[in-house]
Amino acid sequence: MSVYTLAIESSCDETSAAVLRDGRTVLSNVISSQVPIHRRFGGVVPEIASRHHIEQVIPVIDQALADAKINLETIDHIGVTYGPGLVGALLVGVAAAKGLSLATGIPLIGVNHMEGHIFANFLANPDLKPPFLSLVVSGGHTMLVVVKDYEEFEVLGQTRDDAAGEAFDKIARVMGYPYPGGPHIDKLAMKGNPHAITFPKALQEDGNFEFSFSGLKSAILNYLNSAKLKNELINDSDVAASFQKSVIDILIKKTKDAAKQTGYTTITVAGGVSANRGLQQALTNMCEEEGFKFYKPNSILSTDNAAMIGCRAYYMAKANKFATLSLNAKPSIPIGDMSWK
Ligand code: KG4
Ligand code: ZN
């Protein structure tokens, strides 16, 4: 008999619900984005995000069930993101899932948002199986994770300061582009010269799998400020392409080194920044040169969505990892967190 998962995601500025069959077939994936609401503030305003989640969460769940042509009675378990993310935003999804679980008796599963991003790859790539190495690059996180099995992860390293997506968003904002800036930098970089300006790359020593993007961000801000003071013309495309090249060079070197050091030759990329065309091309080229297999999610599955949460919930249900009704929202949790227990 098939297993049906209902998943809910509300960790940042997307309210999303999805229905999956047997963990890897997406029957519906409804995403209500708040991007236009937060754009005029230049970033996500947590209080406003929570208020919109509370309006959207029930309609989005209803739509996901309707699109999947599934009744709540058919659902086997409800997976919900409980962290990491904005606590007020997370609480809306967690409270909705707990209410549904209490009213129907459907078992509840607390899902780690970052594990969800990694599991998006299972939806986009039906043949993908662990073990593999995952480069996770989102608005809040940058890390290299070994997925040894569906329930066994090892973080090799993560960022000491800004996440890759955060750096894209901040640079775009000072250049005058609206939130979220990543897609604008991506588009500009396609037309620019990546060798026009040399920006610094931190923590390049072999065997170091930590990341740092704050020095790169400051170098670009200094470049832009000093060009403005000298009344020099700024070529946005060249700045975007040169910045993006620095980020990509760092990500590629560390991913390649990590694969060589650990011996894992299947590579996946996950998180919103994985939608970046320059990064996808560079990973494809590196994996071809090194003889690694490379998998990526499509763009809907790379940014925040509930289908990826549903895929993770399905495997947690298989491992009997159910939460109780005391599940709480956690703004900051590591990969492999078990505090949902
Ligand atoms: O994973 P995600 O949707 O949300 C978090 O969990 O943080 O990632 C959002 C991030 C934002 O920083 C956004 O600018 C970035 O992903 N992003 C991109 C692209 N599309 C989204 N960054 C670079 N190039 C893109 N094409
Ligand atoms: Zn995310």
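None of the figures in this text is laboratory data; all of them are computed from the coordinates on show. Model, not experiment: these values are computed from the prediction. All Cβ positions, even for glycine, are placed from backbone atoms using ideal geometry, and neighbour counts span all protein chains on display.
In region 147-157 there is at least one residue matching the filter, namely being within 15 Å of VAL269 (Cα to Cα) and buried (at least 24 other Cβ atoms within 10 Å of the Cβ). Residues of region 288-321 that are touching a strand residue (DSSP E or B) at 6+ places or on another chain (Cβ under 8 Å), of a type in the set (Lys, Arg) and in a helix (DSSP H, G or I): ARG312 alone. With the condition kept exactly as written, say whether any residue in region 254-263 is surrounded by fewer than 21 Cβ atoms within 10 Å (Cβ to Cβ), within 14 Å of ligand 1 (Cβ to nearest atom) and either under 27 Å from LEU221 (Cβ atoms) or not hydrophobic (A, V, I, L, M, F, W, C) (or both). For region 254-263, residues surrounded by fewer than 21 Cβ atoms within 10 Å (Cβ to Cβ), within 14 Å of ligand 1 (Cβ to nearest atom) and either under 27 Å from LEU221 (Cβ atoms) or not hydrophobic (A, V, I, L, M, F, W, C) (or both): absent.
Within region 155-195, the residues that satisfy the criterion of being acidic (Asp, Glu) and either over 15 Å from the mean Cα position of the chain (by Cα) or more than 14 Å from ligand 1 (Cβ to nearest atom) (or both) are ASP161, ASP186.
Among the residues of region 265-285, are any among the basic types (Lys, Arg), within 16 Å of ligand 2 (Cβ to nearest atom) and closer than 30 Å to LEU27 by Cα? No - not one qualifying residue is present in region 265-285.
When you scan region 61-71, do you find a residue that is within 16 Å of ligand 1 (Cβ to nearest atom), out of contact with any Gly (no Cβ under 6 Å at 6 or more places or on another chain) and of a type in the set (Gly, Ala, Ser), even just one? There is no residue in region 61-71 that is within 16 Å of ligand 1 (Cβ to nearest atom), out of contact with any Gly (no Cβ under 6 Å at 6 or more places or on another chain) and of a type in the set (Gly, Ala, Ser).
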